Amino acid sequence: MVLGNREKAEIEKYLNSPITEKTIVGDIFDYDSYDRYVITGFEGRERAFVQIQQGCNHRCTYCIVPFARGNNRSVPEADILHQIGELLERGFAEICLTGVDACSYQPSFSQLVRHILERFPNLPSLQFGSLDPAAVDDEFIALVGKYPNIYPHFHLSIQSGDNLVLKRMKRRHTREQVIELCNKIRKLRPEATFGADFICGFPTETEEQFENTLKLVDEAKISKLHVFPYSERSGTPAALMPQVSVEVRRERAKRLRQKGEE
Ligand code: SF4
């Protein structure tokens, strides 16, 4: 059987009843509600992941996620604080906030982070899944400077180092903003390191534009690269744009991974 997240939390119910449907994934269709399930433990691990939101209101031209996951809806703050409290009591030392588009947490991502740190001053390590460079605000950066228990590694969803490609992707940041963001954080926390997601061979990407991505890795000093050759998703605008050949996508991905190794 294939079960969705909500169903997974009640797995006994499905194990003990005759199989009538092979796929039960309620949360994909339930666009307006948050799937209330509380993760209470990850056996043998120090780090626990806390989902703070689901879905996404953006429409990056390559991405199919919002069509499957629906629009942004946030977990109520009280539930998140309660969940973190439980996890800390159970001995977890690292709490990682995650979400499809975590920075779009409503009413405010930075405010949520501040409230977590105020409520749990002894939280050993607060971490984040992927951060959107366009949505990280000065309030968040100030928190990074103020609270040493914010773990000083930040994974940014950058995707490209070329501004025209970023525009065609419908991302909301520029390469200059990425560099500025990394510098601002590094100024407050010199030990900070950065990781990033990149897509290679996005439709229309020229060699020169790809090289801007290679350059950005140096200019922003990004050390942990997650590299993906572009892969078209039918139904997305990017799938209708002039495509870069699969060989070139792979070759660029290889070069960018090598850059990451360096
Ligand atoms: S790439 Fe991220 S921000 Fe863009 S539409 Fe997909 S989920 Fe939303």
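How about segment 185-231: which of its residues are of a type in the set (Gly, Ala, Ser) and either modelled with pLDDT under 95 or closer than 23 Å to Cys63 by Cα (or both)?
Narrowing segment 185-231 to residues of a type in the set (Gly, Ala, Ser): 192, 195-196, 201, 220, 223, 231.
Gly195, Ala196, Gly201, Ser231 - these are the residues of segment 185-231 that are of a type in the set (Gly, Ala, Ser) and either modelled with pLDDT under 95 or closer than 23 Å to Cys63 by Cα (or both).
The set of residues in segment 151-172 that are away from the ligand (no atom under 12 Å from the Cβ), within 17 Å of the chain's Cα centre (by Cα) and surrounded by fewer than 16 Cβ atoms within 10 Å (Cβ to Cβ) contains only His153.
Residue count for segment 50-64, restricted to those that are buried (at least 16 other Cβ atoms within 10 Å of the Cβ), outside any strand (DSSP E or B) and out of contact with any Lys or Arg (no Cβ under 8 Å at 6 or more places or on another chain): 0.
Return yes when Ala135 is small (Gly, Ala, Ser), at negative phi, part of a loop (DSSP other than H, G, I, E, B) and within 11 Å of the ligand (Cβ to nearest atom) and no when it is not. Walk me through it before giving the result.
Numbers: small (Gly, Ala, Ser): yes; at negative phi: yes; part of a loop (DSSP other than H, G, I, E, B): yes; within 11 Å of the ligand (Cβ to nearest atom): yes.
Answer is yes for this residue.
Considering segment 62-116 alone, what residues qualify as being under 20 Å from Glu139 (Cα atoms) and within 14 Å of the ligand (Cβ to nearest atom)? Correct list: Thr98, Gly99, Asp101, Ala102, Cys103, Ser104, Tyr105, Phe109. Within segment 46-61, the set of residues being among the basic types (Lys, Arg) and either assigned by TED's automatic domain parsing to the domain that holds His173 or away from the ligand (no atom under 14 Å from the Cβ) (or both) comprises just one member, Arg47. Given the structure, is Ser234 of a type in the set (Ser, Thr, Tyr), modelled with pLDDT under 95 and outside the structural domain of His115 (by TED's automatic domain parsing)? Yes.
Of all residues in segment 123-144, those that are under 16 Å from Ser157 (Cα atoms) and not assigned by TED's automatic domain parsing to the domain that holds Ile158 have Cβ atoms under 7 Å from Cβ atoms of residues that are of a type in the set (Asp, Glu) and more than 16 Å from the ligand (Cβ to nearest atom), 6 or more apart or on another chain, in Gln127/Glu94.
Which members of segment 228-262 meet the condition of being in contact (Cβ under 8 Å) with a residue 40 or more places away in the chain and among the acidic types (Asp, Glu)? The one that is in contact (Cβ under 8 Å) with a residue 40 or more places away in the chain and among the acidic types (Asp, Glu): Glu232. Pairing residues of segment 47-74 that are more than 24 Å from Ile199 (Cα to Cα) and touching a residue at least 24 places away in the same chain (Cβ under 8 Å) with residues that are near the ligand (Cβ under 9 Å from one of its atoms) and of a type in the set (A, V, I, L, M, F, W, C), at Cβ distances under 6 Å and at least 6 apart in sequence or on separate chains, gives no pairs at all.
Taking first residues from segment 96-119 that are within 12 Å of Ile150 (Cα to Cα) and assigned by TED's automatic domain parsing to the domain that holds Ser74 and partners that are of a type in the set (A, V, I, L, M) and away from the ligand (no atom under 16 Å from the Cβ), the Cβ contacts under 6 Å between residues at least 6 apart in sequence or on separate chains come to Leu97/Val50; Val113/Leu143; Arg114/Leu143.
Residue count for segment 76-105 under the criterion of being outside any helix (DSSP H, G or I) and buried (at least 21 other Cβ atoms within 10 Å of the Cβ): the result is 6. Against the numbered list (1) at pLDDT 85 or above; (2) out of contact with any helix residue (DSSP H, G or I) (no Cβ under 7 Å at 6 or more places or on another chain), Gly70 comes up short only at (1).
The values are calculated or read from the model by the stated rules, or taken from the named source; none is laboratory data. Just so it is clear, the model here is predicted, and its values are computed rather than measured. No Cβ is skipped: glycine too gets one built from the backbone with ideal geometry, and neighbour counts run over all protein chains shown.
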